[in-house]
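Visitor: Shown below is the structure under consideration.
Throughout, read-outs are computed from the coordinates displayed, never taken from laboratory work. Predicted model only: the values in this text are computed from it and were never measured. Here the Cβ positions follow ideal geometry from the backbone for every residue, glycine too, while neighbour counts run over all protein chains shown.
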Amino acid sequence: MKILSMAWSIYDNRMQEFCHNYTGGGLMIKNICEYIGRRQESYLFIGCCKLSGSKLGNIHIVDTKSYAVADIDDKGFDDNEKHLRQMTRAFEVAIEHIKPDIVNFHGIGVLMQRCIGVCRKKKMPYVYTDHLFIDSKMDIQGYSANIEYQKNVYNIPNIKVIAVSTGMKRKILVDFPTISPENICVIRNGTNFLAIREAGDLRQKYNLDHEKVLLCVGTLNYRKNQCQIVKAFQLLSSCIQENLKVIFCGKDGMNGRLQADIMDAGLQDHLIYAGTVSSEEMKKYYSVADGLIMPSYAEGLSIAALEAIAYGLPVIMFADSECAEDLNDEKVVCFAKQRSDECLASAIEEWYRIDWDKEYIMEYSKYFTMERVADEYIECYKSVLNLTT
């Protein structure tokens, strides 16, 4: 079976164009294509830039540099629209050359919607993997375009969807009740992250002594809601505050807002922004940590959470998170019952006082493998092809 995946971008430290794009979604998409490629023929069309054809592990990177040629019809459009038009044509040529059995779209955007139009025109079977669904009732700064894109995609007749968590499927069906539940397949994310304990200089660097350490991992933005941790921390007892440090790892997407909140609260000795951290470097952080805190408004199924439990680290999250139903084990996760600062602080205190069983958590994490993910994707493709043939 030939699978053509389409994504705007990925993360891979072997490719100059994507070695600095370290996001959970970018890593997950690359891993899905790689592990599918170990079982079937896996092709990947990347939309953000023109690339020469190449082999990346078990992935065939599509030659968009040859396919995305300029056209006289591009005149009069700005550079963004020219790129979208050229890459849409390149996608159509890729389908003609590769002749895939099915196309898997990852992520959402204008180019992805145009390429779905190509598949519909050519009657090419396709499925859409939703890595991040934004509830229409949420007003998250910077995500209004996503909500409009979702309306366009989920109103496509008979759209076939892969949701990366059980909670995501539930939220999609609430917002789009006309979609048949049978058309949404849940394939929970996985990771190939090897939980290797690495001795580093982090204890010296961040002056870690007797304190417990919580990690908050991911790009600093309003969706991931890191600033609420600053508010919740101030509600903790003085004893816990003195014996706890929170380290934030991720690219700053809020122009210093989190750092300013920390400084204003006078908590810079306990709430520490580490900056962007590579996948390999994260092993040092997981090795000194005691848990992960994830206050996101919307998350899919967090790769950071899966990496953390591989190290035996418990996770603090809100009970209404999409991840909650798939990580619903009180020996693994500590839930904040509501989204108030007080409830988040209570969850941190509960986490702090529990003697967590790391061996149990590491054993629990073994379900979330990339091998299992690839097998389920292939079974989903077969199901979609049976329905459309």
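Visitor: Rg and Dmax of the stretch 72-206, Cα atoms, in Å?
Guide: Gyration radius and largest Cα-Cα distance of the stretch 72-206: 19.1, 60 Å.
Visitor: Using a Förster distance of 30 Å, how high is the FRET efficiency between Gln268 and Ser340, based on the Cβ-Cβ distance and rounded to 0.05? Please list the in-between numbers first.
Guide: On the way: r = 25 Å, r/R0 = 0.82.
Efficiency computed from Cβ-Cβ geometry: 0.75.
Visitor: I'd like the Kirkwood hydrodynamic radius of the stretch 1-85, using the inverse of the mean 1/r over distinct C-alpha pairs, in Å.
Guide: Values: mean 1/r = 0.0730 Å⁻¹.
Across the stretch 1-85, the inverse of the average 1/r is 13.7 Å.
Visitor: Testing the spin-label approximation: label points 7 Å from Cα along Cα→Cβ at Lys75 and Arg38. State their distance in nm.
Guide: Reported label-point gap for Lys75 and Arg38 is 5.2 nm.
Visitor: Can I ask one more? I need the fraction of alpha carbon pairs in the stretch 302-360 separated by more than 14 Å, rounded to a whole percent.
Guide: On the way: 879 of 1711 pairs.
Pairs farther apart than 14 Å: 51 percent.
Visitor: Can you give the direction-averaged projected area of the convex hull of the alpha-carbon atoms in the stretch 262-389, in nm²?
Guide: Working: hull surface 41.6 nm².
Averaged projected area of the stretch 262-389's Cα convex hull equals 10.4 nm².
Visitor: Can you tell which of Gln268, Asn225, Asn207 lies farthest toward the positive end of the dipole of the chain, using +1 and -1 charges on the Cβ of basic and acidic side chains (Lys, Arg; Asp, Glu)?
Guide: The Cα lying farthest towards the positive end belongs to Asn225.
Visitor: Over the residues of the stretch 343-383, compute the C-alpha Rg and express it relative to 2.2 N^0.38 Å. Working shown, then result.
Guide: Values: Rg = 17.1 Å, N = 41, 2.2 N^0.38 = 9.0 Å.
For the stretch 343-383, the normalised Cα radius of gyration is 1.90.
Visitor: Can you tell me, using C-alpha contacts under 8 Å and at least 6 residues apart, the relative contact order of the stretch 9-119 as a whole percent?
Guide: Details: 123 pairs, mean separation 18.0, N = 111.
Answer for the stretch 9-119 is 16 percent.
Visitor: Counting alpha carbon pairs within less than 8 Å and at least 6 residues apart, what relative contact order, in whole percent, applies to the chain? Please report the intermediate quantities before stating the final value.
Guide: Working: 689 pairs, mean separation 59.8, N = 389.
Relative contact order for the chain comes out at 15 percent.
Visitor: I'd like the distance between the alpha-carbon centres of the stretch 133-161 and the stretch 287-352, rounded to an integer number of Å.
Guide: Centre-to-centre (Cα) distance: 25 Å.
Visitor: Working out 0.36 nm times the residue gap between Asn255 and Asn13, then minus their Cα-Cα distance, what length gain in nm do you get to one decimal?
Guide: Values: separation 242, 0.36 × 242 = 87.12 nm, distance 2.54 nm.
Computed gain between Asn255 and Asn13 is 84.6 nm.
Visitor: While we're on this one: Run lengths n ≥ 4 of DSSP H only: what is the helix-derived mean residue ellipticity at 222 nm for the chain, with -39500 (n - 2.57) per run over all residues, to the nearest 500?
Guide: Working: 15 runs with 154 residues, N = 389.
Value at 222 nm, helices only, nearest 500: -11500 deg cm²/dmol.
Visitor: Count the lysine pairs in the stretch 1-131 that are 8 or more places apart or on different chains: how many have C-alpha atoms under 14 angstrom apart?
Guide: Numbers: Lys2/Lys99; Lys30/Lys55; Lys50/Lys65; Lys50/Lys82; Lys99/Lys122; Lys99/Lys123.
Lysine pairs meeting the criterion: 6.
Visitor: Counting alpha carbon pairs within less than 8 Å and at least 6 residues apart, what relative contact order, in whole percent, applies to the stretch 219-360? It would help to have the intermediate numbers written out before the result.
Guide: Numbers: 196 pairs, mean separation 35.0, N = 142.
Worked out over the stretch 219-360, it gives 25 percent.
Visitor: Work out how far the C-alpha atoms of the stretch 173-265 reach from end to end along every principal axis, then list the three figures in whole Å, largest first.
Guide: For the stretch 173-265, the Cα extents along the three principal axes come out at 53, 35, 28 Å.
Visitor: Quick one: Kirkwood hydrodynamic radius for the stretch 281-335, alpha-carbon pairs, angstrom, one decimal? Mind showing how you got there, number by number?
Guide: Values: mean 1/r = 0.0889 Å⁻¹.
Final number for the Kirkwood radius of the stretch 281-335 is 11.3 Å.
Visitor: A further question follows. If the chain were replaced by its equivalent ellipsoid, with semi-axes equal to the square roots of 5 times the Cα gyration tensor eigenvalues, what would those be, largest first, whole Å?
Guide: Numbers: eigenvalues 288, 93, 85 Å².
In descending order, the three semi-axes are 38, 22, 21 Å.
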